[in-house]
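The values are calculated or read from the model by the stated rules, or taken from the named source; none is laboratory data. Small disclaimer: the values here were computed from a predicted structure and weren't measured. Note that each Cβ is placed from the backbone with ideal geometry, even for glycine, and that neighbours are counted across all protein chains shown.
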Amino acid sequence: MWYDDSKIGNILDCINPPIKESFPVKCPVCGKKEGHLYFHRYEKNGIRGGIWTWCSACKCSEHASGWAPQWWDNLEAISFERLASMPDYLEENKDCIDEWVNKLLFLNFNKI
C-alpha cells in the first residue's frame with residue numbers, strides 16, 4: 001500500500017543541475033537509496049504532463065499534473081494507458097525507468 005508524503009517530492013531536487021547522483025536516489029522520507037521519478041508528457045511537443053515520485057522501500061509516493069522538463073522524452077516502454085496515480089506500474093518498471101532518467105540527465109547535463 002502506498003501512502004502520500006509531500007517530502008517525497010523533494011526527489012525532484014535531484015534533477016536540478018549540477019546533477020550529483022544517479023537514480024535511484026536517497027529517499028527524502030526514509031533515507032534509503034530507493035527513490036525514483038518519472039514524467040510523462042501528454043503530447044509529443046507539449047509541456048503538460050504527469051509527475052510521479054516514489055520510494056520502493058518505504059512506499060511513499062506523490063503524483064501530480066505539471067510541466068515535464070524541456071529535456072524530457074517519454075520512455076517508450078511505459079504505456080500511457082497503464083499510468084495511474086499510485087505508482088504500482090512504474091514500480092514494476094523502476095529499473096528501466098531509472099536507466100532512462102539517468103541517460104536523459106547525462107545527455108542533457110553531462111554530470112552523472
Original post:
Within the range 3-53, restricting attention to residues that are among the acidic types (Asp, Glu) and in a loop (DSSP other than H, G, I, E, B), which residue is farthest from the chain's Cα centre (by Cα)?
Top reply: Glu43
Subject >> Residues within the range 89-112 that are touching a residue at least 24 places away in the same chain (Cβ under 8 Å) and farther than 22 Å from Ile19 by Cβ, tallied >> reply: 1
Subject >> Single unsatisfied condition, Ile47 versus (1) exposed (fewer than 13 other Cβ atoms within 10 Å of the Cβ); (2) of a type outside the set (Asp, Glu); (3) farther than 27 Å from Cys30 by Cβ >> reply: (1)
**OP:** Search the range 62-87 for residues being without any contact (Cβ under 8 Å) to a residue 12 or more places away in the chain and part of a helix (DSSP H, G or I), and hand back the single one that is farthest from the chain's Cα centre (by Cα).
**Re:** Glu81
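So that you can scan it fast, the table gives a plain yes or no per residue for (1) of a type outside the set (Lys, Arg); (2) modelled with pLDDT of 95 or more:
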residue	(1), (2)
Pro17	yes, no
His36	yes, yes
Pro69	yes, no
Trp72	yes, no
Arg82	no, yes
Leu90	yes, yes
Subject >> Positions within the range 70-86 being surrounded by 16 or more Cβ atoms within 10 Å (Cβ to Cβ) and under 19 Å from Cys14 (Cβ atoms), in sequence order >> reply: Trp72, Leu75
